1. Work out, step by step, the length gained on full extension between TRP166 and PHE371: first 0.36 nm times the residue separation, then minus their alpha carbon distance; give nm to one decimal.
2. Place a label point 7 angstrom from the Cα of GLU14 along the Cα-to-Cβ direction, then list the residues of region 181-202 whose backbone nitrogen is under 20 Å away.
3. Label region 155-249 by shape, choosing from rounded, prolate and oblate, from the square roots a ≥ b ≥ c of the eigenvalues of the Cα gyration tensor; if a/c is under 1.5 it is rounded, and otherwise prolate applies when a/b is larger than b/c, oblate when it is not.
4. For region 32-85, what number results from the quotient of the Cα radius of gyration and 2.2 N^0.38 Å?
5. Size of region 151-203 along its principal axes in angstrom, Cα-based, largest extent first?
6. Classify region 245-333 as rounded, prolate or oblate, taking a ≥ b ≥ c as the square roots of the eigenvalues of its Cα gyration tensor: rounded when a/c is under 1.5, otherwise prolate if a/b is larger than b/c and oblate if not.
7. Roughly speaking, what is the stretch gain from ILE304 to ILE186, that is 0.36 nm per residue apart minus the C-alpha to C-alpha distance, in nm to one decimal?
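What follows is calculated from the coordinates using simple rules that are stated; it is not laboratory data. What you are looking at is a predicted structure, and each value in this text was computed from that prediction instead of being measured. In this analysis, Cβ positions are derived from the backbone assuming ideal geometry, glycine residues included, and neighbour counts consider all displayed protein chains.
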Amino acid sequence: MKKNKTLSQLSWQEIKIFLIIILVSICGMLGIDLHLASMPSIMQYMHASKTQIQASVPLYVLGMGMSLFFYGPLSDKHGRKPIVIFGLALASTAAFLSIFTQHIDYFLFTRFLQGCGVGVCLGVAKTITADVMQGEKLAMVSSYFSIIPCLSPLFAPAIGGYIQAWFGWQANFLLLALCLLFALLIYTLFCPETNQNKNPQAMKIHSLATNYSSLLKKPLFLGCILLTGIGMGAITAYASLSAVIFEMQLHLSTVLFGWIATMIAIGTIIGKLCGPFFIHRFGSMKTLLMGIYLLLFSGIFIVIMICLHIFAASLTALFIGLTFLGQTFISANANSQALSLTQSKRGSAGALYGGTQMLIAYICSAFINNFTFSALDLLALSYVILGLLGLLGYYTLIASQPIRPIEKLQFFIHQIGKNKPTSEL
């Protein structure tokens with residue numbers, strides 16, 4: 001009986017590149033979660049309003065989204081290594097600069113630059129693994145990559161809470177800068193250039209416009225982008241408002257808030273574990289729709305809680321955790337459906353898909369932050385609006401389209417991650 005590939009069967013070169021890219025990816029994710037517990041302190045230090053400090057995460061996401069449109073084609077033309085080095089250098093420098101800012105406008109500008117830099121971690125990292133691995137090896141590595149987004153929200157807020165309590169908000173950005181600098185040094189010294197087929201035409205405006213326009217003409221691709229952006233918007237809204245809700249409205253300490261944030265992020269872990277079962281049992285699209293309903297119902301439950309004047313940190317965390325679970329169902333299934341349409345244009349599709357979903361998340365967060373309600377009211381409102389938009393997008397752009405038969409492929413990839421023999425599938 002033939003066994004699946006495991007990490008032990010990868011070559012030393014493949015293992016080395018894989019571990020380096022994991023490091024780069026994790027360090028890139030820290031920029032959202034590490035400073036969450038410090039946001040009220042930053043607001044007080046810089047004499048900023050709640051609306052201003054709540055822009056920290058959306059501007060970071062905006063920088064990531066905008067940069068993604070360029071990093072993919074640039075790495076196709078010039079190679080992966082110089083682009084990754086540039087992005088990590090920009091992100092670490094911006095994180096260092098944020099330590100010395102005393103005005104909220106300069107601070108928010110450094111946050112935008114950090115996002116522009118770490119976009120390379122999201123945009124190019126998976127491409128590098130695809131440069132050196134194919135077939136079952138790539139599928140197996142992809143299953144491990146799906147765990148990376150879970151790690152930062154699971155541990156970083158708690159770490160950031162302790163650092164805030166012991167050393168102050170500047171220490172969190174010092175740690176972020178040092179992590180990014182460490183990732184930059186490791187990548188520069190030990191990761192080779194993996195793009196052996198550079199494309200001099202990759203940045204041609206006509207070529208980019210042709211690739212992007214052909215993708216945007218597909219209703220299913222558009223629907224998947226919209227839904228993934230809505231899921232990301234829900235997470236961005238939470239990250240923008242969470243510290244204000246738990247530290248300022250519910251009066252938790254920075255350390256306790258960090259642990260609450262960790263408990264909320266467990267919803268993502270549950271989604272990763274349960275997702276393959278639901279996909280195999282109900283199909284990809286029903287699982288995606290389930291994620292949208294979880295987002296909508298979580299918002300409705302928080303509205304009911306507010307109307308009944310029940311302000312309990314545990315209940316709030318439970319309902320927010322359900323949105324993390326729903327977002328996992330949305331992003332995993334929408335991403336698989338979208339990229340299954342684009343085998344011949346995967347580089348352009350990845351850049352367009354990743355960049356657009358980040359821009360949608362930014363627009364959702366920026367729109368919600370314009371309202372003058374309390375942070376908890378804003379979060380509930382954002383979940384309800386995003387859930388309704390998700391249902392609208394699903395039934396207008398996705399439900400009427402022919403769906404790619406990818407459920408078995410998704411289940412196969414999950415089983416590879418568990419190191420089971422293919423004959424069991």
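1. Computed gain between TRP166 and PHE371 is 70.4 nm.
2. In region 181-202, the label zone of GLU14 (backbone N under 20 Å from the point 7 Å along Cα→Cβ) covers 191-197.
3. Note, shape of region 155-249 comes out oblate.
4. On the way: Rg = 15.9 Å, N = 54, 2.2 N^0.38 = 10.0 Å.
Working it through for region 32-85, the quotient is 1.59.
5. 50, 22, 19
6. Note, shape of region 245-333 comes out oblate.
7. Going from the current span to full extension adds 37.5 nm.
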